[in-house]
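Peer 1: Dumping the structure here so I can ask a few things about it.
The values are calculated or read from the model by the stated rules, or taken from the named source; none is laboratory data. Note that the coordinates shown come from a computational prediction; the quantities given were computed from them, not determined experimentally. Reconstructed Cβ throughout: ideal geometry from the backbone, glycine too, with neighbour counts over all protein chains shown. What goes into the accessible areas is simple: the full protein's heavy atoms, side chains included, and nothing from ligands, DNA or RNA. Shrake-Rupley method; radii C 1.70, N 1.55, O 1.52, S 1.80 Å.
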Amino acid sequence: MTPVSLPAASGVVAQVYAQVADEMRLVVPPAQLHSPSPDLLAAYWMLTREPLAGPTVGRDAKEAVAAAVAVANICPYCVEMHSVGMYDLTGEHDAEAVAGDRVEAMLDPELRAVTAWARTGHQLDDAAPEPVGLSAAERAELLGVVVAFHYVSRMVNVFLSNFLLPPGLGPRSRRRMKQGISRLLRPTLRTPREGGRSVGLLGPAPMPVDAAWAGANRDIAGAIARSYQAFEFAGARSLPLSVRRLVLDRLDAWRGEDTGLSTAWCEDLIADLPAHERPAGRLALLTALSSYQVDEGTVAEFRRVEPADAALVDAVAWSAFAASRLIGNRMAAARAVAAPFVSTTGNVEESKWRESSWRRDGRAA
């Protein structure tokens with residue numbers, strides 16, 4: 001897949017590239033990979049930007065939530081990206097606890113509770129409860145981050161390298177590199193952003209009933225409505241109806257369990273599709289439920305039927321969106337039923353927690 005280069009960008013692609021470069025100092029690879037389908041590039045940007053720009057919850061919690069979602073999706077690239085951000089916002093200890101899937105070892109109790117909720121929110125049977133006392137505005141921002149990065153992790157798993165940092169680095173060198181990068185990223189992480197900047201990139205759209213959780217923040221609600229519509233249009237133009245129905249039926253029955261190493265479950269599900277629709281069915285199901293298992297062969301089979309770059313981006317994006325939308329809907333429906341998660345491990349001497357910022361003023365301490 002060949003992304004649109006910066007010099008060749010025009011129209012919506014140029015507008016999005018300009019916003020991304022302004023706020024992130026470069027046009028990041030997850031943005032570039034969407035560029036063959038301009039409306040999906042805009043949808044991706046508003047879906048990720050507006051929850052992160054919300055003023056109620058601090059960026060420390062949002063980066064922890066994004067990192068936890070990346071761990072849940074087995075996306076090493078995204079885990080490294082967001083744990084690097086946490087180095088500056090929360091400190092190395094909590095950043096590495098999330099990256100290592102040891103949420104219970106996080107020192108900050110409020111951050112630990114919200115991270116555990118995000119890490120397990122896709123699991124119907126073993127989900128941690130929503131942190132007690134979330135306001136509607138806090139929920140809109142945090143669920144917006146959950147939905148956005150369940151989507152992004154799946155897209156990254158399909159299109160980008162497995163690793164952001166050189167894989168040959170030892171643990172000590174890796175931590176030093178994360179510390180250095182986190183200092184460089186400080187302005188992009190700590191600078192307050194004006195809400196709503198991206199929403200005008202796509203035209204108005206009706207608010208989906210299952211996204212009512214976003215209604216407490218006008219900018220997030222606008223981003224959700226418009227991006228959801230763009231993803232639905234993309235699926236309709238690039239995936240057969242039979243494939244979309246198959247994916248949605250499987251997601252309805254999915255309880256958040258790992259599908260395992262074998263993809264036999266996928267082959268069984270697509271067996272009844274017409275032969276020319278099976279490559280699309282395989283790509284869509286794997287993207288939605290085990291995106292880390294999409295390989296070159298899966299993509300090549302799809303491209304024999306649909307060779308255009310835009311069709312590939314459309315198909316993967318709709319499938320990633322279908323799963324992330326379902327997760328957001330389920331988490332919104334499951335309100336707090338217990339006290340926040342509290343670690344029973346860890347050294348009390350180390351537990352000199354900083355004051356949590358995520359409920360104080362919307363930016364990191």
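Peer 1: Could you give the length gained by full extension between Arg183 and Ser262, i.e. 0.36 nm per residue of separation minus their alpha carbon distance, to one decimal place?
Peer 2: Values: separation 79, 0.36 × 79 = 28.44 nm, distance 4.09 nm.
Extending this stretch completely gives an extra 24.4 nm.
Peer 1: Within 10 Å, count the other beta carbons around each residue, average over each peptide in 272-278, 169-175, 63-69, 47-53, and list them highest first. Don't skip to the end; give the middle numbers.
Peer 2: Numbers: 272-278: 13.6, 169-175: 11.7, 63-69: 29.7, 47-53: 25.9.
Descending packing order for the listed peptides: 63-69, 47-53, 272-278, 169-175.
Peer 1: What do you get for the angle between helix 218-238 and the principal long axis of the chain? Use alpha-carbon atoms, 0 to 90 degrees, nearest ten.
Peer 2: The answer is roughly 30 degrees.
Peer 1: Please give, to one decimal in nm, the separation of the simple spin-label points placed at Ala212 and Leu248, each 7 Å out from Cα toward the Cβ.
Peer 2: 2.0
Peer 1: If a cysteine in the chain has no other Cys Cβ under 4.7 Å from its own Cβ, put it on the list, ordered by number.
Peer 2: Within the chain, the cysteines lacking a partner Cβ under 4.7 Å are Cys266.
Peer 1: Moving on. Hey, what angle do you get for helix 309-333 against the long axis of the chain, alpha-carbon based, 0 to 90 degrees rounded to 10?
Peer 2: 50
Peer 1: In addition: At 222 nm, what helix-only mean residue ellipticity would the chain give, in deg cm²/dmol to the nearest 500, using -39500 (n - 2.57) for each DSSP H run of four or more? Don't skip to the end; give the middle numbers.
Peer 2: Values: 15 runs with 215 residues, N = 365.
Value at 222 nm, helices only, nearest 500: -19000 deg cm²/dmol.
Peer 1: Positive end of the charge dipole of the chain (Lys, Arg +1 and Asp, Glu -1 on Cβ, about the Cα centre): tell me which of Met24, Ser37, Val65 has its Cα farthest that way.
Peer 2: Of the candidates, Met24 comes out farthest on the positive side.
Peer 1: Carbon and sulfur together cover what percent of the accessible area of the chain at a 1.4 Å probe radius? Intermediate results must be reported in sequence, preceding the final value.
Peer 2: Working: 8360 of 15120 Å².
So the carbon and sulfur contribution to the accessible surface is 55 percent.
Peer 1: Could you tell me how many degrees, from 0 to 90 and to the nearest 10, lie between the Cα long axis of helix 136-159 and the main elongation axis, the longest principal axis, of the Cα atoms of the chain?
Peer 2: 50
Peer 1: Just check the range 120-278 against the gyration tensor rule for me: Cα atoms, a ≥ b ≥ c as the square roots of the eigenvalues, rounded for a/c under 1.5, and otherwise prolate or oblate depending on whether a/b exceeds b/c. If you can, show how the numbers build up before the last one.
Peer 2: Details: a/c = 1.66, a/b = 1.16, b/c = 1.43.
Note, shape of the range 120-278 comes out oblate.
Peer 1: Turning to a different aspect of this structure: If each Cα of the range 89-133 is one equal point scatterer, what is log10 of I(q)/I(0) from the Debye formula at q = 0.16, 0.26 Å⁻¹?
Peer 2: Evaluating at q = 0.16, 0.26 Å⁻¹ gives log10 I(q)/I(0) of -0.40, -0.91.
Peer 1: Test of understanding: in a Gaussian network model of the chain with alpha carbons linked when under 10 Å, which of Gly100, Gly144, Gly222 would top the mean-square fluctuation ranking?
Peer 2: Result: Gly100 has the largest fluctuation of those listed.
Peer 1: To continue, here is another question. Let me know the charge dipole size of the range 108-258 about its Cα centre in debye, to the nearest 20, where only the beta-carbon of Lys, Arg (+1) and Asp, Glu (-1) is charged. Before the final figure, lay out the partial values.
Peer 2: Numbers: 21 positive and 15 negative charges, 206 e Å.
Dipole of the range 108-258, to the nearest 20 debye: 980 debye.
Peer 1: Subtract the Cα-Cα distance of Ala18 and Phe163 from 0.36 nm times their separation in residues, and report this length gain in nm to one decimal.
Peer 2: On the way: separation 145, 0.36 × 145 = 52.20 nm, distance 2.57 nm.
Gain on stretching Ala18 to Phe163: 49.6 nm.
Peer 1: Given points 7 Å out from each Cα along the Cα-Cβ axis, report the Ser10 to Val28 separation in nanometres with one decimal.
Peer 2: For Ser10 paired with Val28, the spin-label model returns 2.9 nm.
Peer 1: With every protein chain kept in place and ligands, DNA and RNA left out, what is the accessible area per residue of the range 1-74? Probe 1.4 Å, answer in Å². Walk me through the numbers before you get to the answer.
Peer 2: Numbers: 2260 Å² over 74 residues.
It amounts to 31 Å² per residue over the range 1-74.
Peer 1: Still on this structure: Which value in Å is the Kirkwood Rh of the chain over different Cα pairs?
Peer 2: By the Kirkwood definition, the hydrodynamic radius is 20.6 Å.
Peer 1: Between the range 225-253 and the range 9-77, what's the alpha-carbon centroid distance in Å?
Peer 2: One Cα centre to the other: 21 Å.
Peer 1: Same structure again: Can you send over the solvent-accessible area of Arg176, 1.4 Å probe, protein chains only, in Å² to the nearest 10?
Peer 2: Accessible surface of Arg176 is approximately 140 Å².
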